[in-house]
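Below is one structure, written out as structure tokens; comments come after it.
The values are calculated or read from the model by the stated rules, or taken from the named source; none is laboratory data. Values in this document were obtained by computation on a predicted structure and should not be read as measured data. Here the Cβ positions follow ideal geometry from the backbone for every residue, glycine too, while neighbour counts run over all protein chains shown. Accessible surface areas use protein heavy atoms only, side chains included; no ligands, DNA or RNA. Shrake-Rupley method; radii C 1.70, N 1.55, O 1.52, S 1.80 Å.
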Amino acid sequence: MTVKRRSHGRNKKGRGHVKRVRCASTGKAIPKDKAIKRFIVRNIVDASSMRDIREASAFENYALPKLYIKQYYSVEAAVHQRIVRSRSTENRRNREPPARFRR
């Protein structure tokens, strides 16, 4: 039978069973190795509120803490929200990580 991916869409490789995690979008329980993972680092408050806090602060150069979140998405939710895109058969063989970009 033909196979679409050599890993069958998983990263298990020798483990018989993998615990499940919840999708951040749909709440669906998916295996942790199959989930699309994204680590999000962002400010706790938006830019306009940050400016107000900085002006009202008694401390100079106070760095507001950041929010660190690891989110798991099911394949269908990640495709729907365009977190990942489908690739052609030739491009699926490319195992290089995508180019990282800085905001």
Which residue pairs have Cβ atoms under 6 Å apart, sit 6 or more places apart or on different chains, and have a first residue in segment 1-29 that is in contact (Cβ under 8 Å) with a residue 40 or more places away in the chain and basic (Lys, Arg) and a second that is open to solvent by less than 60 Å² (accessible area, probe 1.4 Å) and in a loop (DSSP other than H, G, I, E, B)? Lys28/Ser74
So which residues in segment 26-63 are hydrophobic (A, V, I, L, M, F, W, C), within 22 Å of Arg102 (Cα to Cα) and modelled with pLDDT of 90 or more? Ile36, Phe39, Ile40, Val41, Ile44, Val45
Check Ser57, Ser7, Ser74 and return the single one that is over 25 Å from Arg95 (Cβ atoms) and hydroxyl-bearing (Ser, Thr, Tyr). Ser57
